[in-house]
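J.: Right, I'll just put the structure down here and ask away after.
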Amino acid sequence: MADRSKASARFEPAGGMTIGEACLQASSYLEACGVTEPRENAELLLMHALGMDRAAFLRDWREPMPEDRLADWVAMVRRKASGEPVQYIIGEQWFYGLPFTVTPAVLIPRPETELLVEAVLETAARLWPDTGGVSQSNAARHRQSCVRDADNGAARLIVADIGTGSGAIAVALAVRRPDWRVFAIDLSPDALAVAKANAERHGVADRVAFVSGDLLEPFVTGVADAVPDIVVSNPPYIPSSDLSGLQREVRDYEPRLALDGGADGLDPYRRMADQLRRLPSAPRLVAFEVGFGQARAVADLLAAAGLWPDIRIVRDYAGIERHVIASAPAP
């Protein structure tokens, strides 16, 4: 058990130590403060403070800790000891092989959501084989659509990332499929600003449209002048009564708007199920991330619409039913 008496002491390491000694001191302090994975957090903070990748960090393990970086590093360790997520401290999180800027305005991307991206790519390849990303249904419906390809007039597959947050899903899909047109929807203007910055960072801002709106409402009302072929979403799904029991890094620092899914955590799914029925035509692929124990209920919501004959559930790395994937063949 951690020595909680250390947690009340300020982190004030002396100078004249090596990088390795600095890492071990920080790791010990963070452990005493109840931080999970203290060694990993200590390493990430130290690498960030020193501007090093892991290879350089290991190479210079026995080199002196630079005195001019000491104060900034100590301040970061203290922030982490108070519970602040390391991703917000260093301003970055990797997702699907790409670095993403993150701020307290957005949820920190999780590894399990990479499986949602993978499921979308895999299912889309099956639904639209040998089309070069062209949506034949949307080409017929929207000859004058604003998402037409300027070079050859072809209609590209239209993807809607609902509740985009940092833009991790939208940007990852746009990077992997340059023939897709992606709409990133979020109710938070601060989140949309972060998502746009990430799209610019990875060179896909010209293929991602950023739209302010509540779930699928921009498509229902026509504010987003398109009909999505693919809808993907990792919405808020934590039951309101469970928020107080979350890990402090999540409860005290990540945006409540991106966490609170209502009384049972299913409110966003009910609303999106209703909005999907109000679209001019149904997307052929709907992919949702869900919370623990929610997959069957969300699958039933989509099944009740009678629009997608194939509904399957994907488990995450821990074996938890984490994603619901609904798809329909070509009309």
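J.: Identify the residue in segment 230-248 that is under 18 Å from the mean Cα position of the chain (by Cα) and either basic (Lys, Arg) or open to solvent by less than 20 Å² (accessible area, probe 1.4 Å) (or both) and, among all such residues, is farthest from Ala328 (Cα to Cα).
T.: Pro235
One line per residue, one yes/no per condition, for (1) in contact with a helix residue (DSSP H, G or I) (Cβ under 6 Å, 6 or more places away or on another chain); (2) open to solvent by 10 Å² or more (accessible area, probe 1.4 Å):
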{"residue": "Asp252", "(1), (2)": "no, yes"}
{"residue": "Arg256", "(1), (2)": "no, yes"}
{"residue": "Leu259", "(1), (2)": "no, yes"}
{"residue": "Asp267", "(1), (2)": "no, yes"}
{"residue": "Pro309", "(1), (2)": "no, yes"}
{"residue": "Asp316", "(1), (2)": "yes, yes"}
{"residue": "Gly319", "(1), (2)": "no, yes"}
{"residue": "His323", "(1), (2)": "yes, no"}
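J.: Got a sec? Which of Glu92, Glu31 is within 28 Å of the chain's Cα centre (by Cα) and farther than 22 Å from Arg110 by Cα?
T.: Answer to the check: Glu31.
J.: Another question about this same structure. Where the second residue is basic (Lys, Arg) and the first is more than 10 Å from Met272 (Cβ to Cβ) and lies in segment 204-217, which pairs have Cβ atoms under 7 Å and are six or more apart or on separate chains?
T.: The qualifying pairs are Ala205/Lys196; Arg207/Arg181; Phe210/Lys196.
J.: Which is modelled with pLDDT of 90 or more and touching a strand residue (DSSP E or B) at 6+ places or on another chain (Cβ under 6 Å), of Pro239, Pro228?
T.: When all the criteria are applied, what remains is Pro228.
J.: Sticking with this one: Residue check, Ala295 against (1) farther than 20 Å from Ala160 by Cα; (2) open to solvent by 60 Å² or more (accessible area, probe 1.4 Å); (3) modelled with pLDDT of 95 or more, all met but one. Which one?
T.: The failed condition is (2).
J.: Sticking with this structure for a sec: Considering only segment 90-103, I want to know if a residue exists there that is out of contact with any Cys (no Cβ under 6 Å at 6 or more places or on another chain), closer than 28 Å to Ala205 by Cβ, modelled with pLDDT under 95 and of a type in the set (Asp, Glu).
T.: Within segment 90-103 (the criterion being out of contact with any Cys (no Cβ under 6 Å at 6 or more places or on another chain), closer than 28 Å to Ala205 by Cβ, modelled with pLDDT under 95 and of a type in the set (Asp, Glu)), the answer is no, since none of the residues qualifies.
J.: Here's another thing I want to ask about it. Under 7 Å by Cβ, and 6 or more places apart or on different chains, what pairs join a residue from segment 218-229 that is in contact (Cβ under 8 Å) with a residue 40 or more places away in the chain and open to solvent by less than 10 Å² (accessible area, probe 1.4 Å) with one that is in a loop (DSSP other than H, G, I, E, B) and among the charged types (D, E, K, R)?
T.: Pairs that qualify, where the first residue is in contact (Cβ under 8 Å) with a residue 40 or more places away in the chain and open to solvent by less than 10 Å² (accessible area, probe 1.4 Å) and the partner is in a loop (DSSP other than H, G, I, E, B) and among the charged types (D, E, K, R), are Asp229/Arg284.
J.: Filter segment 52-99 down to the residues that are exposed (fewer than 15 other Cβ atoms within 10 Å of the Cβ) and in contact with an Asp or Glu (Cβ under 6 Å, 6 or more places away or on another chain) and list them by number.
T.: Across segment 52-99, the qualifying residue is only Pro99.
J.: Determine which member of the set Gly203, Gly167 is more than 20 Å from Arg270 (Cα to Cα), surrounded by fewer than 16 Cβ atoms within 10 Å (Cβ to Cβ) and not hydrophobic (A, V, I, L, M, F, W, C). Steps first, please.
T.: Working: Gly167 fails: surrounded by fewer than 16 Cβ atoms within 10 Å (Cβ to Cβ).
One residue alone meets the criteria, Gly203.
J.: Counting only residues that are open to solvent by less than 70 Å² (accessible area, probe 1.4 Å) and in contact (Cβ under 8 Å) with a residue 60 or more places away in the chain, which one in segment 269-282 is nearest to the chain's Cα centre (by Cα)?
T.: Met272
J.: One residue is enough: does segment 88-105 have a residue meeting the conditions farther than 24 Å from Ser327 by Cβ, hydrophobic (A, V, I, L, M, F, W, C), in contact with a Leu (Cβ under 7 Å, 6 or more places away or on another chain) and assigned to a helix (DSSP H, G or I)?
T.: Within segment 88-105 (the criterion being farther than 24 Å from Ser327 by Cβ, hydrophobic (A, V, I, L, M, F, W, C), in contact with a Leu (Cβ under 7 Å, 6 or more places away or on another chain) and assigned to a helix (DSSP H, G or I)), the answer is yes, since at least one residue qualifies.
The values are calculated or read from the model by the stated rules, or taken from the named source; none is laboratory data. Computed from a predicted structure; not experimentally measured. Every residue, glycine among them, receives a Cβ derived from its backbone with ideal geometry; neighbour counts consider all protein chains shown. Side chains included, ligands, DNA and RNA excluded: accessible areas come from the protein's heavy atoms. Shrake-Rupley method; radii C 1.70, N 1.55, O 1.52, S 1.80 Å.
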